[in-house]
Amino acid sequence: MASDLHSYRWRRSARAKQLQVRITPWQGVEVVIPTHTSRERVRAFLAKQRQWIRTTWSEMQSQLADADYALPRDLNLRAIGESWQVHYRNAEVAGLRIHAVGRSLTLQHAGADDSTCRAALRRWLAQRARVHLGPQAQRLSAVMQTGFRRLQIRGQSSRWGSCSSNGTLSLNYKLLFLEPPLVRYLLVHELAHTRVLSHSPRFWRLVADYESRWRELDRRLGEAWRDVPAWVELK
Ligand SMILES: [Zn+2]
């Protein structure tokens, strides 16, 4: 299950301009430290953030404790405006098959356990993300004139996406559960990294050209992990 609050993870980053704390329910607390930051600054920063970290973490933990881990009966993919019903059917089939008809998804399996069903649903989500978020990224990339070349869909536990300087955009299929403006902002942010790698003023100006509400959306994105259903994280 989720890690303990005391297990902070530290990451040195040449890209980061400021000290940052990221909290996610399954990965715990990650502190991002720009290179050449003194220990004193890190300590002072954490002292200031401590209360916020505690509160946010305990909110996340109580949500996890109340969470429903049962296999989902529906999937509300807000990012793409689709709501799916999910049915599970025991049948004499080899392996596990997923049929999609309309907005109804049927998992046919011969006595597969919950974990196998969850894995199949995650694969289906990843396909859905590729089909829908890929073209969206392409359209935005054309407008922003970025060097986006290749799309990867993954299921990261603590990142919504990333982008490398060689134009590989990596998106988390869990974005499907978020509101469209958050997904659009994440795409703008990551695509902007193909042009400016660091979080420099130049980078934020570029982001602001395409998303004026970036400050608010960036903050909301950090809290949006609570919108991902708990079963998705359960292996
Ligand atoms: Zn960034």
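The values are calculated or read from the model by the stated rules, or taken from the named source; none is laboratory data. Source: prediction; values computed, not measured. Cβ coordinates were reconstructed from backbone atoms using ideal geometry, including for glycine residues, and neighbour counts include every protein chain displayed. Only protein heavy atoms, including side chains, enter the accessible area calculation; ligands, DNA and RNA are left aside. Shrake-Rupley method; radii C 1.70, N 1.55, O 1.52, S 1.80 Å.
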*Please tell me if residue 157 is surrounded by fewer than 17 Cβ atoms within 10 Å (Cβ to Cβ), farther than 23 Å from residue 52 by Cβ and either in contact with a helix residue (DSSP H, G or I) (Cβ under 6 Å, 6 or more places away or on another chain) or not hydrophobic (A, V, I, L, M, F, W, C) (or both).*
no
*Specify which of the listed residues (200, 170, 164, 157) is touching a residue at least 40 places away in the same chain (Cβ under 8 Å) and within 15 Å of the ligand (Cβ to nearest atom).*
200
*When you go through 196, 183, 131, 188 one by one, which is the residue that is more than 28 Å from residue 83 (Cβ to Cβ) and of a type in the set (A, V, I, L, M)?*
196
*Please state which one of 89, 78, 15 is open to solvent by 70 Å² or more (accessible area, probe 1.4 Å) and free of Cβ contacts under 8 Å to residues at least 60 places away in the same chain.*
89
*residue 185 being open to solvent by 40 Å² or more (accessible area, probe 1.4 Å), within 15 Å of the ligand (Cβ to nearest atom) and either in contact (Cβ under 8 Å) with a residue 12 or more places away in the chain or farther than 30 Å from residue 114 by Cβ (or both)*: no
*When only residues in segment 54-100 that are of a type in the set (D, E, K, R), within 26 Å of residue 28 (Cα to Cα) and outside any loop (DSSP other than H, G, I, E, B) count, which is modelled with the lowest pLDDT?*
66
